[in-house]
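S.K.: Sharing a structure, written as structure tokens. Questions coming.
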Amino acid sequence: MRIGRAARRIFGAFPDQAEIVFYGSFAETYRGHGTDLAVVGGLLDFATDDMRIRHSVELAEEAGIRLTFKTAQNVAFHPNTVLLKLKNQDHEDIIAGASIGGGSVEMLRVNGFDVKFTMNYPVLLVFHDDTPGMVAHITRLLESGGVNIAYMDVDRKGRGGDALTVVEADEAVPAELMKHIESLSSVKRVVFADLTAEEAQS
């Protein structure tokens, strides 16, 4: 469920198309255990106790989302991994996450970048060029905006290529601060994904 919601928040909208690939033990049990319903319910942004989850596939299709379910094996992934390929007319995201027990998840990959974050904190993802001082610039802006960094990680696709900086923060990142980061010349896209506020209320 949280993997689907996390993917939905990272994507930033309801997708027109969603290809959902189950790996490992999920590939064998996703239908019988209702994992497919839970993931689609997450894409629809349902809360974990929402009674509509049992009908999530039909509701998604009624909303115009074209769903495809597949299974695969990848020894590099955690046994309980789901990969979502989300697409609309504006963009496409490929997001993988794993269920690690007790209702917890770990996000593993975003658009080809290796990541490691749990959605237990508000998350900022900054897609940018790998240029000198870029990461330091991001951290300075966050500090100036009063945002405390709980965890930070960077992955890149080769020296000087595309890079992704992931920041788990102790609090939400203000919209104005995100706009400031997005205005940097080397930044291509900024995403803020937060499940903590809503889950604290449920």
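S.K.: Report, in whole Å, the centroid distance computed from the Cα atoms of the range 38-55 and the range 113-130.
M.R.: About 24 Å separates the Cα centre of the range 38-55 from the one of the range 113-130.
S.K.: Starting with the fewest neighbours, write out 142, 59 ranked by other beta-carbon atoms found within 10 Å of each beta-carbon.
M.R.: Listed from fewest to most nearby Cβ atoms, that is 59, 142.
S.K.: Between the helical axis of 2-11 and the dominant principal axis of the chain, each derived from Cα atoms, what acute angle in degrees is found, rounded to the nearest 10?
M.R.: 50
S.K.: Could you list 152, 1, 134 in order of exposure, starting from the residue whose Cβ has the fewest other Cβ atoms within 10 Å?
M.R.: Ascending Cβ contact count within 10 Å gives the list 152, 134, 1.
S.K.: Across 10 Å bins from the origin, how do the percents of Cα pairs in the range 123-201 run, short distances first?
M.R.: Cα pair-distance distribution for the range 123-201, in percent: 19, 54, 23, 4, 0.
S.K.: If you don't mind, another one. Count neighbours as other Cβ atoms within 10 Å of each site's Cβ, and list the GluC sites (Glu not before Pro) in the range 126-202 that are DSSP loop with at most 15 such neighbours.
M.R.: 171
S.K.: Full-extension gain between residue 189 and residue 139, please, as 0.36 nm times their residue separation minus the C-alpha to C-alpha distance.
M.R.: Values: separation 50, 0.36 × 50 = 18.00 nm, distance 1.62 nm.
My answer for the length gained is 16.4 nm.
S.K.: If you take every residue apart from residue 108 with its C-beta less than 10 Å away from the C-beta of residue 108, what net charge results, scoring Lys and Arg +1 and Asp and Glu -1?
M.R.: So the surrounding residues net to 0.
S.K.: For the chain, go through all pairs of different Cα atoms, get the mean of 1/r, take its inverse, and jot down that Kirkwood value in Å.
M.R.: The Cα-based Kirkwood calculation yields 17.5 Å.
S.K.: Right, here's the next one. Excluding residue 93 itself, what net charge comes from residues whose Cβ is under 9 Å from its Cβ, given Lys and Arg +1 and Asp and Glu -1?
M.R.: +1
S.K.: For the range 121-202, run through the trypsin sites (Lys or Arg not before Pro) and keep only the ones in DSSP coil with at most 12 other Cβ atoms within 10 Å of their Cβ.
M.R.: 159
S.K.: A follow-up question, please. Quick check: net charge around residue 118, other residues with Cβ under 10 Å of its Cβ, Lys/Arg +1 and Asp/Glu -1? Each step should come with its number before you reach the end.
M.R.: Details: positive: 2, 116; negative: 106, 168.
For residues surrounding residue 118, the net value is 0.
S.K.: How long are the semi-axes of the ellipsoid equivalent to the range 2-111, from square roots of 5 times the Cα gyration tensor eigenvalues, in whole Å, largest first?
M.R.: Details: eigenvalues 74, 53, 33 Å².
They are 19, 16, 13 Å, listed largest first.
S.K.: Here is a follow-up. Please give the FRET efficiency for residue 16 paired with residue 45, using the beta carbon to beta carbon distance and R0 = 25 Å, rounded to the nearest 0.05.
M.R.: Details: r = 16 Å, r/R0 = 0.63.
About 0.95, to the nearest 0.05.
Any read-out appearing in this document is the output of simple, stated calculations on the displayed coordinates, not a laboratory observation. Values in this document were obtained by computation on a predicted structure and should not be read as measured data. Please note: Cβ atoms are built from the backbone with ideal geometry, for glycine as well, and neighbour counts cover all protein chains shown.
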